[in-house]
Structures are given as C-alpha cells and as structure tokens.
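**Student:** Structure in structure tokens, see below.
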Amino acid sequence: MTQRLSSGTVALLVAAPLLWAGNAVVGRLVHPLISPVALNFIRWALAFIVLLPLLLNYVPHWLGLPLSTGTATHLEHMIFGALIVFFLIVEPHGLARLWSTARQKLRIWPFPH
C-alpha cells in the first residue's frame, strides 16, 4: 500500500517533536526562574485555554445535548471570568510581580554567584 502523506499530516508529524523539544529547552532555560510545579501549571493552563473552545463546541454534540453557539460562547466567557477572578485572588501581585522577579534574575543570569 503506497499512499502519499498530505501536507497537513506532515506538518502535524513535524510539529509534535518540535513542541516537545521546545518544551525541554524552555524548561531548562526557566528552571532557575520558575519552580517546576509553576511551569507545569502554566503548561496545563495554556492547554486548557486552547482546548476549552473546542471542547465546548464538540462535547455537547457527542453527548447528544443541544447547545447553541451563543450558549457555548457565554459558557466560555463565564469560565474564563471565573479563572481570572481565581487568579486575582490566588496571585494578588499578578504577572507584574512575576515579571519583575524574572527580570531581576535574568540580569544576573550568566553569573548566578
């Protein structure tokens, strides 16, 4: 059986190892700046943000529940709003504090002693 791979298939086959390799490189670079638990949380949060709209569009149809696109949009906004409130409560200094800490550590990065 000889079939040619489509360009989309090739792109997906190349993208997966590139993302994994990029993950390893970023993990090594930010290891002194961010704890492994925080880095893992950021990875899962980004995956959640990317996959949530897809799940809200497809899962109700798979379960046989009629869900209009307007309702899915409202649910998406409600979930993201709840996440924003949660992060504001959990991390009161926000990303500005994380950025200032990272900037201070990057100033002395090649010479940590």
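The values are calculated or read from the model by the stated rules, or taken from the named source; none is laboratory data. Here the structure is a predicted model, which is why all the values come from computation and not from measurement. Counting neighbours? That spans all protein chains shown, and the Cβs are built from the backbone with ideal geometry, glycine included.
**Student:** Here is a list: 88, 63. Which entry is exposed (fewer than 10 other Cβ atoms within 10 Å of the Cβ) and among the hydrophobic types (A, V, I, L, M, F, W, C)?
**Tutor:** 63
**Student:** If only one of 11, 15, 38, 21 is small (Gly, Ala, Ser) and either at pLDDT below 85 or closer than 25 Å to residue 100 by Cβ (or both), which one is it?
**Tutor:** 38
**Student:** Starting from the stretch 40-62, keep only residues that are free of Cβ contacts under 8 Å to residues at least 60 places away in the same chain, then list their pairs with residues that are of a type in the set (Val, Ile, Thr) and surrounded by 12 or more Cβ atoms within 10 Å (Cβ to Cβ) whose Cβ atoms are within a distance under 9 Å, requiring at least 6 positions of separation or different chains.
**Tutor:** That search, which allows pairs on different chains as well, returns 42/34; 52/79; 53/73; 56/71; 56/73; 56/79; 60/71.
**Student:** Continuing with the same structure: Looking at the stretch 45-82 only, could you name the residues that are of a type in the set (S, T, N, Q) and assigned to a helix (DSSP H, G or I)?
**Tutor:** Listed by number, the residues that qualify are 57, 69, 71, 73.
**Student:** Looking at (1) out of contact with any Ser or Thr (no Cβ under 8 Å at 6 or more places or on another chain); (2) modelled with pLDDT under 85, which one does residue 33 not meet, given that it meets all the others?
**Tutor:** The number of the failed condition is (1).
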